[in-house]
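The structure appears right after this line, and notes come after that.
The values are calculated or read from the model by the stated rules, or taken from the named source; none is laboratory data. What you see is a predicted model, and the numbers here were worked out from it, not measured in a lab. With ideal geometry, Cβ positions are generated from the backbone for all residues, glycine too; neighbour counts draw on all protein chains shown.
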Amino acid sequence: MKLLAPMLLSALIATACSKGGSDDTNPPTGVKTPTYQFTITNWDDGWTSTIKENWAEVNKGTVKVLLHYPNAATEISADPQPLVNNARNLLSASRYSNLQNFTVASPSLDFERAYLGYGAATDIATSKTVFVALFKKGKSGWIEFVTPDKATFVAQFGLDPVTIDWSTSGSVFNSLRVMANYNRFAVAATDLESTGKWTNNFGANTFYYSLYTGLGVGMSSYSATEEFIFSSKMKYQWQLFTANSAGGGTTFAKARSAGNYQLKDNWNAYFSDIEGVPKTYPVWFAATKTGRVLFIDGNPYTWVGQ
């Protein structure tokens with residue numbers, strides 16, 4: 001499978017998960033959760049993604065990358081050193097011993113600050129010495145890189161962490177940040193059959209200011225809920241509800257369609273009617289701690305049951 005154009009999936013996953021109020025998808029209590037066919041993705045560039053209990057694991061040769069699932073306890077307000085140390089203690093410290101020369105690098109000039117902690121340690125599971133780096137930038141989520149040594153890390157990702165200083169450009173971290181996009185898994189028809197409702201909530205606010213005085217002159221807000229409801233015999237319903245507020249009033253609108261769907265392959269789904277016309281959308285799953293997020297046309301949908 002070829003990785004699509006870069007998109008920070010982790011930010012969308014975290015947003016979708018947060019709607020439930022915790023670090024996972026919060027499946028409805030007492031409702032049987034869906035089962036899924038695919039837990040491994042083999043990418044054309046040599047990487048392999050595998051769903052694990054606490055992360056999506058991406059491997060190529062001797063390089064291992066752990067895409068940690070969202071964990072609210074790691075999102076603290078702190079300076080770089082305590083921030084990275086907190087994430088390391090929560091996400092990875094229990095799997096290593098004899099940590100040596102642990103260093104935190106966090107250039108301050110980029111509007112999305114990067115946080116990178118790295119050092120040598122003993123992998124408790126294998127008793128081997130490895131180079132470990134823990135990274136976060138913007139909403140990438142915490143990403144853990146494990147290589148046999150620092151030279152392997154530098155060769156794979158084109159970044160020598162020793163060279164990072166306060167003025168380092170944020171673009172040097174792109175090769176690390178893009179790894180977040182490998183939390184992506186194929187969709188089988190049986191994955192969606194009779195699963196019920198998948199929903200996506202989104203919205204935005206717009207603030208208006210006077211060109212002459214610079215003072216605020218009002219605002220408008222937009223919110224929407226979009227749903228796909230999958231039932232038996234490859235049937236679905238699609239619904240969109242919107243609310244627009246401005247000038248003290250709110251207008252509401254809705255649109256609905258229903259029809260048959262089919263998977264053209266495990267990454268593209270055909271819907272016979274979306275607002276009066278057939279549509280084919282790219283589809284995939286992203287893994288979370290207790291379930292999956294369904295992406296349809298790049299938008300994240302969380303499962304809410306029948």
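General remarks:
- Test: residue in region 241-255 that is of a type in the set (F, W, Y), outside the structural domain of V58 (by TED's automatic domain parsing) and over 30 Å from W43 (Cα atoms): yes
- Flag for G21 being modelled with pLDDT of 95 or more, over 25 Å from S169 (Cβ atoms) and exposed (fewer than 14 other Cβ atoms within 10 Å of the Cβ): no
- Matching residues, region 59-75, being crowded, with 17+ Cβ neighbours inside 10 Å and touching a Ser or Thr at 6+ places or on another chain (Cβ under 6 Å): V63, Y69
- Any hit, region 121-138, residues being modelled with pLDDT under 95 and either among the aromatic types (F, W, Y) or surrounded by fewer than 16 Cβ atoms within 10 Å (Cβ to Cβ) (or both): no
- Filter result for T39 (modelled with pLDDT under 95 and farther than 21 Å from R177 by Cβ): no
- Hits in region 149-158 - residues which are surrounded by fewer than 20 Cβ atoms within 10 Å (Cβ to Cβ) and at negative phi: D149, K150, A151, T152, V154, A155, Q156
- Any hit, region 243-259, residues being closer than 18 Å to T190 by Cβ and either assigned to a strand (DSSP E or B) or in contact with a His (Cβ under 7 Å, 6 or more places away or on another chain) (or both): no
- Pairs where the first residue, in region 60-77, is among the small types (G, A, S) and the second is surrounded by 14 or more Cβ atoms within 10 Å (Cβ to Cβ), C-beta under 6 Å, 6+ apart: A72/D23; A73/L90
- Whenever a residue of region 254-279 is without any contact (Cβ under 8 Å) to a residue 60 or more places away in the chain, its partners that are among the hydrophobic types (A, V, I, L, M, F, W, C) and in a strand (DSSP E or B), lying with C-beta atoms within less than 6 angstrom and at least six residues away or across chains, give the pairs K254/F241; A255/L240; S257/W238; S257/I274; I274/W238; E275/A255; K279/F271.
- Total residues in region 154-175, condition without any contact (Cβ under 8 Å) to a residue 60 or more places away in the chain and either closer than 24 Å to K52 by Cα or among the hydrophobic types (A, V, I, L, M, F, W, C) (or both): 10
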